[in-house]
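The values are calculated or read from the model by the stated rules, or taken from the named source; none is laboratory data. These figures come from a predicted structure and were not determined experimentally. Reconstructed Cβ throughout: ideal geometry from the backbone, glycine too, with neighbour counts over all protein chains shown.
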């Protein structure tokens, strides 16, 4: 074979290797991009499921005639800063003692003071800023001594 033919075969071989490499890199990039899209869709789906009563945890402590209440509510904001993300809610908690409205709580931790002795049923309702109900509430029964 003469030198010119060898150069042509070498260039053609190099061109084939280059085309195969570009094709492989394109496929890998597309699969990585698809994986990233799937991850972001999964994260969005996880954060956008509706807020339910089972997601809301209430801790409380009774001391003398006071009840210290702590609420843990994922994706709920009392300041309205989380509502830009889908599935997040904002508002306040309406507090009822034995069926009578007692106060509106604008933070996750609050104190009920001057409680009467005996068994008290406390109902906590999540409300929107305009006062309409989210339909989510928690009941706790406390015994004051």
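Taking (1) under 22 Å from the mean Cα position of the chain (by Cα); (2) in contact (Cβ under 8 Å) with a residue 24 or more places away in the chain in turn, residue 121 satisfies each apart from (1). Applying a threshold of 6 Å to beta carbon distances and a minimum spacing of six or more residues, or different chains, the list of pairs starting in segment 78-106 at a residue that is within 13 Å of residue 130 (Cα to Cα) and assigned by TED's automatic domain parsing to the domain that holds residue 139 and ending at one that is assigned to a loop (DSSP other than H, G, I, E, B) and modelled with pLDDT under 80 reads 89/51; 90/80; 90/83. On the stretch given as segment 96-110, residues that are surrounded by 12 or more Cβ atoms within 10 Å (Cβ to Cβ) and farther than 20 Å from residue 54 by Cβ total 8.
If you go through segment 12-21 one residue at a time, do you hit one that is under 25 Å from residue 108 (Cα atoms), modelled with pLDDT under 80 and part of a helix (DSSP H, G or I)? So far as segment 12-21 goes, no, none of its residues is under 25 Å from residue 108 (Cα atoms), modelled with pLDDT under 80 and part of a helix (DSSP H, G or I).
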